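Here is the structure we will look at.
Derivation of every value follows stated rules applied to the coordinates shown; laboratory data play no part. Please read these numbers as outputs of a predicted model, since none were measured by experiment. Positions of Cβ are backbone-derived with ideal geometry, glycine not excepted, and every protein chain shown enters the neighbour counts.
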Amino acid sequence: MENSLFLTFSSFLFVIHFVPLAASTPSYLSFLQCLSKHSHPSDHILSRLYTPNNSSYKSVLQHYIRNQRFNRSTTPKLDIIFTPLQESHAQVAVTCCRKTDKYLKIRSGGHDYKGISYVSNISFVLLDMSNLRSIDVDIQNETAWVQAGALLGELYYRIWEKSKVHAFPTGVCPTVGVGGHITGGGYGNLLRKYGLGGGGASFGVISAYILRLVKVPDVVTVFRVVRTLEENAIDIVYWWQFIAEKIDSNLFIRLALKPIDEKQKGTKTITATFVALFLGDSRELLSIMDRDFPQLGLRIEDCKEMSWIESELFWASFPNETLPDALLNRKPGAKFLKRKSDYLQKPIPKDKLKSIFDKMIELGDTELVFNQYSGRMSEIPEWETPFPHRAGNIFKIQYAANWGKEGKEAENFYINQTRVLYNYMTPFVSKSSRCA
């Protein structure tokens with residue numbers, strides 16, 4: 001597995017019981033009997049079960065639903081939620097699902113975009129890992145023992161409590177669950193420096209991980225710079241495609257293209273927002289940008305020096321002066337959203353970029369987010385880890401639509417927008433087969 005992301009899975013892998021291949025009968029009596037048989041009465045294991053007849057079922061189910069599209073009365077509901085308080089509880093649940101031929105799904109933070117961990121048209125048991133979230137940071141050995149139900153923000157905070165010069169290279173959304181992020185190949189703004197791991201999500205339930213921490217400097221630098229069409233956004237984005245693979249691996253820049261309303265003109269335009277993390281001070285960053293990416297026109301006043309933990313707050317769009325303990329919040333506001341992904345392997349010609357901008361303006365509400373690859377990502381062969389998308393990819397592209405209005409009509413409108421833009425991008429992205 002990748003050198004920086006993690007050393008090993010938990011030594012306790014719930015005896016690696018597999019999810020059964022056949023759906024079960026509606027009755028869960030045999031499952032409940034199995035739980036009682038394989039647990040000690042003092043464990044009170046049945047008290048951790050929630051069914052639709054339980055008054056707490058709805059709140060437990062909804063607590064980690066991050067996409068409101070899958071929080072409707074018509075959404076297929078699971079039969080049982082099981083919220084273990086200790087690893088032995090989870091082991092018994094997996095054992096009994098296998099013995100009684102029940103489907104099992106595992107939820108860590110609930111951030112899967114399509115609700116895969118908690119929505120299904122067949123009956124299943126949800127193993128909710130949210131109570132298994134202890135974190136033990138060992139700075140002397142530069143490791144952290146983290147249970148699968150912990151969130152990224154909690155991990156970052158606990159590392160920061162012990163050291164101001166250590167980090168872990170995962171994502172920039174603090175409410176993502178550690179379990180799903182690591183097994184699913186989640187990415188963040190340290191991937192060009194330290195790479196990306198991932199894999200193993202299909203063979204068993206993992207209770208905890210030993211993570212190898214990485215070093216970060218006392219001072220890092222961030223910026224968020226917006227360029228409009230009037231400020232040559234098309235030219236800047238065009239040149240960025242050629243520069244992104246070669247620029248210093250201590251620098252990560254995310255590019256977001258977004259249609260916005262020009263209120264004075266009554267029309268729409270596109271903004272190109274460049275958001276960066278640099279592992280160093282602002283003067284060093286400015287020197288790199290002036291040399292390698294002068295087209296952006298970065299100025300010293302655009303740059304903000306801060307600690308690594310403060311940069312996590314910046315990237316998560318917290319207000320200035322927010323204290324690090326905000327990362328411990330486990331209850332973000334859920335919203336309606338749609339996401340799709342692509343990989344860009346060759347620069348898009350300038351005239352085609354303009355046509356993409358025009359299509360985005362025509363559609364009106366779908367954003368394109370370009371996450372920079374290369375650096376350490378390109379040094380690791382695609383066959384070395386379960387995550388194959390490495391050398392040869394300039395950007396991972398995300399199609400993003402968010403909305404606040406309820407109802408199928410609004411949902412169909414925004415989903416259709418992402419699909420239209422996704423289809424429009426077909427000539428420019430990875431082929432044979434299209435990767436996502």
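Structure notes:
- Two-decimal ratio, the stretch 356-420, of alpha-carbon radius of gyration to 2.2 N^0.38 Å: 1.53
- Globularity index of the stretch 201-297, i.e. its alpha-carbon radius of gyration over 2.2 N^0.38 Å: 1.46
- Crossing angle, helix 282-292 versus the chain [Cα axis fit, 0-90 degrees, rounded to tens]: 60
- In this Cβ point-charge picture (+1 for Lys and Arg, -1 for Asp and Glu), the chain has a dipole of about 1340 debye about its Cα centre.
- Residues whose amide H lies under 5 Å from that of VAL219, counting only those 5 or more places away or on a different chain, are absent; hydrogens are built 1.01 Å from N in the peptide plane.
- Positive-end ranking of LEU85, CYS96, TYR118 along the dipole of the stretch 14-128, with charges on Cβ about the Cα centre, is headed by TYR118.
- Springs between Cα atoms under 10 Å define the GNM used for the chain, and in it the highest mean-square fluctuation of THR100, THR385, THR267 occurs at THR267.
- Within the straight-line cut-off of under 21 Å between alpha carbons, the lysines reachable from LYS114 are LYS58, LYS77, LYS105, LYS331, LYS335, LYS338, LYS340, LYS396, LYS405, LYS408, sequence neighbours fewer than 8 places apart in one chain being disregarded.
- Cα-based Lys pair tally, the stretch 157-285, threshold under 20 Å, eight or more apart or on separate chains: 6
- Range in the chain, longest, excluding exposed GluC sites (Glu not before Pro) [loop by DSSP; at most 16 other beta-carbon atoms within 10 Å]: 143-320
- Value of [θ]222 nm, deg cm²/dmol, for the chain, DSSP H segments ≥ 4, -39500 (n - 2.57) each, nearest 500: -7500 deg cm²/dmol
- By DSSP, the beta bridges lying fully in the stretch 88-193 are antiparallel in about 55 percent of cases.
- Translational diffusion coefficient of the stretch 14-128 (Stokes-Einstein, Kirkwood radius from Cα pairs, 37 °C, 0.692 mPa s): 228 µm²/s.
- Rounded to the nearest 20, the Cβ-based charge dipole of the stretch 238-343 about its Cα centre (Lys and Arg +1, Asp and Glu -1) stands at 840 debye.
- Cα long-axis angle, helix 233-243 against the chain (0 to 90 degrees, to the nearest 10): 70
- Rounded Å value of the spacing that divides the Cα centres of the stretch 24-82 and the stretch 214-290: 45
- For the stretch 14-128, the antiparallel share of DSSP beta bridges with both residues in that region comes to about 20%.
- Among the cysteines of the chain, CYS97, CYS173, CYS303, CYS435 have no other cysteine beta carbon within less than 4.7 Å of their own.
- Between helix 408-424 and the chain: long-axis angle, C-alpha atoms, 0 to 90°, nearest 10: 50
- Matching label, Cα extents along the principal axes in Å computed from the structure shown, candidates [x] 66, 44, 39; [y] 77, 63, 53; [z] 68, 55, 43: [z]
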